[in-house]
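Participant: Once you've had a glance at the structure underneath, I'll fire off some questions.
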Amino acid sequence: MKYPKLLEPLDLGFTTIKNRAIMGSMHTGLEELEGGFERMAAYFAERAANDIGMIITGGIAPNEESSGQGARMSNDEEAAKHRMVTEAVHGAAPDVKICMQILHPGPLAYTPAAVAPSPVKSRIAPFVPNELDAAGVQKQIDDHVQCAVMAKKAGYDGVEIIGSAGYLISTFLVQKTNLREDEYGGSYENRMRFALEIVEQTRAAVGDDFILIFRIAAMDMLEDGMSWEEIITLGKALEKAGVTIISTHFTWHESAVPTIATMVPRAAFTSVTGRLRKEVSVPVITSNRINMPDVAEEVLARGDADLVSMARPMLADGAFMRKAIEGREDEINTCIACNQACLDHTFSGKLTSCLVNPRACHETKLNYLPTDAAKNIAVVGAGMAGLAYATVAAERGHQVTLFEAASEIGGQFNLAKKIPGKEEFFETLRYYGRMIEVLGITLKLDTRVDAEMLAAESFDQIIVATGISPRTPDIEGIDHPKVASYIDVITGRKSVGQKVAIIGAGGIGFDVAELISHSGPSGALDRDVFAAEWGVDFENHPRGGVTGVEPKVAKSDREITLLQRKDSRVGKGLGKTTGWTHRLTLSRRGVQMMNGVEYVKIDDDGLHILAGDQPMLMEVDTIIICAGQNPLRTVYDDLEAKGLPVDLIGGAFEAMELDAKAAINQASHMAAAV
C-alpha cells in the first residue's frame, strides 16, 4: 500500500472513519442558493463516492444574529432541507461520515445585529458588534446546542464547532477582543468558559454516539493573540468537556500573515498541530496547504496529526482519494492555491467553484457525458483553454488532435510557473500532460498550423485557442532599447537594469515586480524563508506566533516603480484574498507604486510621464511593458473565411486580461456540449 498512514482507518470507539483524509469545511454559496441543497447533495455525494473519509460542510449559522440572510440550522424545517444532503452522501457511500460545521461569525457577521463579547470592531467587519449581556451569552450557548441537535436530526454524523478565525467563540478567548468583567471575561479560565459550556451542553444534548469536533486557532497570527500555554490549556479542557476530535486552524481573517495562498509552503503549519497532539489524547486534525497524497502521508508519518483536512484539493478533484488509492496520483488535478474561483468568490458573495475544475459546485449543471456521435476535432493551441477543451472532449469520446506551435504545452502558464511563489502551477501542467496520455489525445508540438493545413485534414470541428500577444501601447519611443516586454523579462531573453519602471499594474505587472525584486529561495518552497518574510516564529511560539517578531524582508537591490493609468489604488483588481499579500510583499521590498499616470515618451533619458498633471522624468534603465494583451485570431479568421466549422476560445476570444479561470471554464462548457 503506497499511502499506509493516509488509508488507515481511525477508530473513534463508537464509530470509525474509513481513512485519514477529510474534506474540510468550505462555504460555497450553495447553502443560500435557491435549489442549493440539491446541488450541495450532488457536490458532496460525488466526493463521498470517491472514498473520502469524512466531509465537513461549509459553515451553518445557529441563529439570525449570526447569519443575517445566510444559511441557518435552528428548527425542523431547516433540518429537513439538510436531510437531502446527508441522505445523498450516505447513499453514495454508507461508510463516509459527514459533519456539519456550526459557524457563528460574531463580529464578522454582515448584519447590524452582529454580537460579540465586547463592542470591539474587527478591521475587516462592516459593523461594530453588539455587546452580549448575560442573557445574550446564554442564548448563544443555547442556540449552538440547538443547532447541533437539529444537525443530528438531519442525519449528520457529527458537528464541527468553529472557535477560531475571529468568529464569535474565538473573540471570547482573546483578551483584546474580550473586555468583559463578568464570569466570561478577565482571566483565561473565564474567557474559556463560553467555549467549554457550548461543548459540555452540546455533548449532553446529542449523546455519546455523535462526532463532536472543535476547531481552535492553534496559532492565530495576531499580535497579542493566544499564547501556546493558553492553547494547550484550551485543548485539554475541550477534551474533558467531551470533544471527539480537536481540529487545528491557523490565523484570524484579519491577520497580516497569509496561510492559504500559493506563496505558502506545503504543510507549513502542521508541526504546530504536532506539538498540540502530544498534549491531548483525542485525535487531532491538521490543515492548510496539504494538496497531494504524498504530502498528507508525510504529515501523518511525522506524527503531526491523526487526520488531514483538505478542502480546496477536494474542489479541484472530487476523485482525489480514489486516484490516491488506485495509485493514479499523477492524474490528480491538483489545487494550486490560487483562490481565484473559490475563496475570492466566497468573500465576494459569488458561488464558489475552482479555477482548474469548473465542475466544482456545478455537478448538476456541468457534466462530461459520453457522446453519441464522436467527432474528429482539431484544437489549435495548448494553453489553458486548448488543454481544457481537448481533455474534456476526449473524455467524452471524441477523437482529438492538439496542435501547439511551441515545444511544450501550457501557454501563458509557462510564464506563471516561473514567478516565485507560483511553483504550484507546474502541477496543472503535469496534470494536463498526463491526461493527454491517458485519453489518447494526439499531441503535435512544434507545429504551427494554418487554414490550408487544417482544411486538408477534414476535421469535423476546429477549435482555435491561439491565445494572445502582448499589447504594445501607443507611446512615443516604445521601440527604444530600454523597453522590454513582460514575456522577454520572464523568460530571461532580455536583461533588466537596476532602475526599472513597469507600465501596467494588473496581475502581470505584479508578477513581474515579484520576479525582479525577489532574491534567494522562494518562500513557497522553504518554510524558514516564509516564516522570516512574514514574521512567524514556529519554534518559540510567542503570542499568536507573531508577537514581537519583525518580518525580515530583503529590500530589492533594484529601484522599481509600478505604474498605472487608473486613479484607483494600485492592485485594486487583484484577488480579494491574495491581493493584499502581493501589495504588502512588494511594499516591504521597496517597490514604489504610482497611479493616475500618463505616459508621454521614452528616450535615452528614461520614461517621461505626467503625474497629477506634473511632468516627471523617471531616469530608468529598463521599462517593462505589462499593458494588456491582444487576441491572436489570424487562423480563426482564415478558417471562418473558408466556411469551415470553427469556434474561438480562451485569450483568442477575450484578451482583456490573462484569465485562466475564464478560459478553462469557457472551454470546459463548450467541450461538454460538442
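Read-outs throughout are calculated quantities, based only on the coordinates presented, and are distinct from any laboratory measurement. Predicted model, so just to flag it, every value in this text is computed and none were measured. We place every Cβ from the backbone using ideal geometry, glycine too, and count neighbours over all the protein chains shown.
Participant: Return the sequence-ordered ³J(HN,Hα) values of the stretch 82-89 in whole Hz as given by the Karplus equation 6.51 cos²θ - 1.76 cosθ + 1.60 applied to θ = phi - 60°, using x for Gly and Pro.
Facilitator: Residue by residue, the stretch 82-89 yields 5, 4, 4, 6, 5, 5, 5, 5 Hz.
Participant: Full extension from Arg565 to Glu32: what is 0.36 nm times the residue separation minus their Cα-Cα distance, to one decimal in nm?
Facilitator: Details: separation 533, 0.36 × 533 = 191.88 nm, distance 3.88 nm.
Full extension of this stretch gives 188.0 nm more.
Participant: Given labels modelled 7 Å from the Cα in the Cβ direction, how far is it in nm from Arg328 to Asp526?
Facilitator: Roughly 3.8 nm, to one decimal.
Participant: Using the 10 angstrom Cβ neighbour count as an exposure proxy, how do Lys278, Lys97 rank, fewest first?
Facilitator: Ascending Cβ contact count within 10 Å gives the list Lys278, Lys97.
Participant: Which entries in the list Lys417/Lys499; Lys422/Lys552; Lys240/Lys552; Lys482/Lys555; Lys18/Lys375 go over 31 Å, if you measure between the two C-alpha atoms of each?
Facilitator: Lys240/Lys552; Lys18/Lys375, as the Cα separations exceed 31 Å there.
Participant: Still on this model: What is the extension gain from Glu8 to Leu584, computed as 0.36 nm multiplied by their sequence separation minus the C-alpha to C-alpha distance, in nm to one decimal?
Facilitator: Value of the extension gain: 203.2 nm.
Participant: Share of Cα-Cα pairs in the stretch 59-211 beyond 28 Å, in percent?
Facilitator: Roughly 21 percent, once rounded to a whole number.
Participant: Here is a further query. Out of the GluC sites (Glu not before Pro) in the stretch 451-508, which ones are loop residues according to DSSP with at most 15 other C-beta atoms within 10 Å?
Facilitator: Working: sites: Glu452, Glu457, Glu476; in loops: Glu457.
Answer by residue number: Glu457.
Participant: Identify all aspartates and glutamates with a Cα-Cα distance to Lys601 below 14 Å; exclude those on the same chain that are fewer than 8 residues away in sequence.
Facilitator: Filter leaves Asp474, Glu476, Asp479, Glu619.
Participant: What's the center-to-center distance, using Cα atoms, between the stretch 95-137 and the stretch 607-640 in Å?
Facilitator: Here the two parts' Cα centres lie 47 Å apart.
Participant: Taking the inverse of the average 1/r across all pairs of different Cα atoms in the stretch 384-539, what Kirkwood radius in Å do you get?
Facilitator: 18.7 Å
Participant: Specify the angular offset, from 0 to 90 degrees and rounded to the nearest 10, of the alpha carbon long axis of helix 425-438 from the longest principal axis of the alpha carbons in the chain.
Facilitator: With rounding to tens, the tilt is 80 degrees.
Participant: Need the C-alpha centroid separation for the stretch 344-416 versus the stretch 15-39, integer Å.
Facilitator: Here the two parts' Cα centres lie 25 Å apart.
Participant: Which residue, chosen from Met594, Gly35, Pro265, occupies the Cα position most advanced towards the positive end of the dipole of the chain, where the dipole is computed from +1 (Lys, Arg) and -1 (Asp, Glu) charges on Cβ about the Cα centre?
Facilitator: The listed residue farthest towards the positive side: Pro265.
Participant: Answer with one residue from Pro94, Asn665, Thr346: the one whose Cα lies farthest towards the positive end of the charge dipole of the chain, charges on Cβ with Lys, Arg +1 and Asp, Glu -1.
Facilitator: Ranked along the dipole, the leading option is Pro94.
Participant: In addition: If all Cα-Cα distances of the chain are sorted into 10 Å bins from 0 onward, what percent lands in each bin, rounded to whole numbers?
Facilitator: Calculated over all Cα pairs of the chain, the distribution is 3, 15, 23, 24, 19, 11, 4, 1, 0 percent.
Participant: Mind giving me the FRET efficiency for Ser271 and Glu457? R0 is 45 Å, r the Cβ-Cβ distance, nearest 0.05 is fine.
Facilitator: Details: r = 56 Å, r/R0 = 1.25.
Calculated value: 0.20.
Participant: Using only C-alpha atoms and all pairs of different ones, pull out the Kirkwood radius for the stretch 399-474 in Å with one decimal.
Facilitator: Details: mean 1/r = 0.0691 Å⁻¹.
Computed over Cα pairs of the stretch 399-474, the Kirkwood hydrodynamic radius comes out at 14.5 Å.
Participant: With r as the distance between the Cβ atoms of Glu87 and Glu131 and R0 = 41 Å, compute the FRET efficiency 1/(1 + (r/R0)^6) and round to 0.05.
Facilitator: 0.50
Participant: Loop-only trypsin sites (Lys or Arg not before Pro) in the stretch 425-514, please: DSSP not H, G, I, E or B, and at most 15 other Cβ atoms within 10 Å.
Facilitator: Arg448, Arg493, Lys494
Participant: Now for a different question. Subtracting the Cα-Cα distance from 0.36 nm times the residue separation, let me have the gained length for Ala641 to Asp488 in nm, one decimal.
Facilitator: Values: separation 153, 0.36 × 153 = 55.08 nm, distance 3.33 nm.
Length difference between fully extended and current span is 51.7 nm.
Participant: So, how do all the Cα-to-Cα distances of the stretch 607-674 break down into 5 Å bins, in percent, from 0 on up?
Facilitator: 3, 13, 15, 14, 14, 9, 8, 8, 7, 6, 3, 0
Participant: Tilt of helix 188-206 relative to the longest C-alpha principal axis of the chain, in degrees (0 to 90, nearest 10)?
Facilitator: 80 degrees
Participant: For Ser469 paired with Ser281, estimate the spin-label separation in nm (one decimal), with each label point 7 Å from Cα along the Cα-to-Cβ line.
Facilitator: In this crude spin-label approximation the distance works out to 7.2 nm.
Participant: Give me P(r) over the stretch 10-346, computed from all C-alpha to C-alpha distances, binned every 20 Å, as integer percentages.
Facilitator: Whole-percent P(r) values from 0 Å outward: 33, 62, 5.
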